[in-house]
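The values are calculated or read from the model by the stated rules, or taken from the named source; none is laboratory data. What you are looking at is a predicted structure, and each value in this text was computed from that prediction instead of being measured. All Cβ positions, glycine included, derive from the backbone under ideal geometry; neighbour counts span all protein chains shown. We work out accessible area using only protein heavy atoms, side chains counted, and drop any ligands, DNA or RNA first. Shrake-Rupley method; radii C 1.70, N 1.55, O 1.52, S 1.80 Å.
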Amino acid sequence: TDATPDQMIEILKKNDIKYIETGLQHGTITVIINNIIFEITTLRIDAITDGRHAQVQFTNDWRIDAERRDLTINAMFLSIDGTLFDYFNGRKDLMDRRIAFVGNARKRIEEDYLRILRYFRFYGRIAVHANDHNAQILEEIRQTATGLRKIAAERIWLEVAKILVGNFAPDLLRLMYDLGVAASINLPEDGNLEQYEVIWNRMRNCKPQPPVLLASLVNSVSSAEALARTWKLSNMERFLMKFIVAKRQNHYTTLKQYQDLVFDKETMSKEVVVQLMYYNGHPELVDAFSNWLIPKFPVGGQDLKSLGHKPGPQFKRTLDMLKRHWIDSNYNASKEDLLELIPPSQ
């Protein structure tokens, strides 16, 4: 909109519309109507940029606003009456499935180096062929890739996560390694691209979670932990990646083996086991596992206390021993059966 933030707030207040001042310094206000969230942003100019942040000035010129955008397909505007404002042939590029920067690619990248990753992300969304890139754009990316070291880790992961699950991801990752992009965003130097391609092809129709695919690139739990910390993955994302790396070596093949994992203290939910099943290439077991009602271990600490056992290291070892017997019995052993295995309290 060409309305300034102050003008937007005045209009919203006048019409009793709920809003949140989410990014006033960039001219953005979040509006909530019928529980639907809209972001409204004032037309602006990036007056000063350092490859990471921008200081903006507001404008009422739609073309000037379009000039600062990254890709031609992202530089179009549609009025409320359906009129398309397209200053840089974005519609044609969209119809041709072509990804191009607005104006000078080097200048656009140097305004915000994250645009390198956005190029690869949108290529995966729009392009028809895996390797139909403009050679000049790739050369500009090669020459500017180190600028990505300025970008906040959270922004890096937000883009990479979408690239990992997108179309042509194996080809795009290889290109990112070849152009020096991978090194500049701290992807592992020894990233297992062959394994990634195998897993990506195996899981592409199973809605894989990005940390699961990321796990295929690393060779150890310690490497997974280091990368998760570098990119500031959430606790759940970090756990999932490390869980896959740790458990994929066990060569599970049966439904019972996956069911047993639910009782592993390292397992947080059935969903992480489902992701492992897809990762290992066992989609045929997923329905049975998902419909399986998790049985309850029949023995608790109170049962041991009633037999005279006192809490402590041996107390825990006894409970663990009983749980192993219960799991080995296919979860059929009763409380009485299990308690008979306990030696008398001394």
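A few points about this structure:
- Of all residues making up region 91-119, the number that are surrounded by fewer than 19 Cβ atoms within 10 Å (Cβ to Cβ) and among the aromatic types (F, W, Y): 0
- Residues located in region 1-16, provided they are open to solvent by 50 Å² or more (accessible area, probe 1.4 Å) and farther than 21 Å from F77 by Cα: D6, E10, I11, K13, K14, N15, D16
- The residue that is farthest from the chain's Cα centre (by Cα), counting only those in region 76-93 that are outside any strand (DSSP E or B) and either among the aromatic types (F, W, Y) or under 19 Å from A105 (Cβ atoms) (or both), is Y87.
- Lone qualifier among K232, K256, K247 - being on the phi > 0 side of the Ramachandran plot and either open to solvent by less than 60 Å² (accessible area, probe 1.4 Å) or in contact (Cβ under 8 Å) with a residue 24 or more places away in the chain (or both): K232
- Helices (runs of 4 or more DSSP H) wholly inside region 272-332 containing at least 1 residues that are closer than 17 Å to L261 by Cα: 286-291, 313-328
- Answer residue from region 6-23, given it is out of contact with any helix residue (DSSP H, G or I) (no Cβ under 6 Å at 6 or more places or on another chain) and outside any helix (DSSP H, G or I) and is modelled with the lowest pLDDT among those: G23
- Flag for I73 being modelled with pLDDT of 90 or more and outside any strand (DSSP E or B): yes
- Applying the set (1) open to solvent by 80 Å² or more (accessible area, probe 1.4 Å); (2) of a type in the set (A, V, I, L, M, F, W, C); (3) assigned to a helix (DSSP H, G or I) to F38 leaves exactly one unmet item: (3).
- Segments classed as helices (runs of 4 or more DSSP H), wholly inside region 120-221, with at least 1 members that are of a type in the set (S, T, Y) and either open to solvent by less than 20 Å² (accessible area, probe 1.4 Å) or modelled with pLDDT of 95 or more (or both): 135-144, 169-178, 181-184, 193-203
- The set of residues in region 286-299 being touching a helix residue (DSSP H, G or I) at 6+ places or on another chain (Cβ under 8 Å) and either over 17 Å from N205 (Cα atoms) or open to solvent by 30 Å² or more (accessible area, probe 1.4 Å) (or both) consists of A288, F289, S290, W292, I294, F297, P298, V299.
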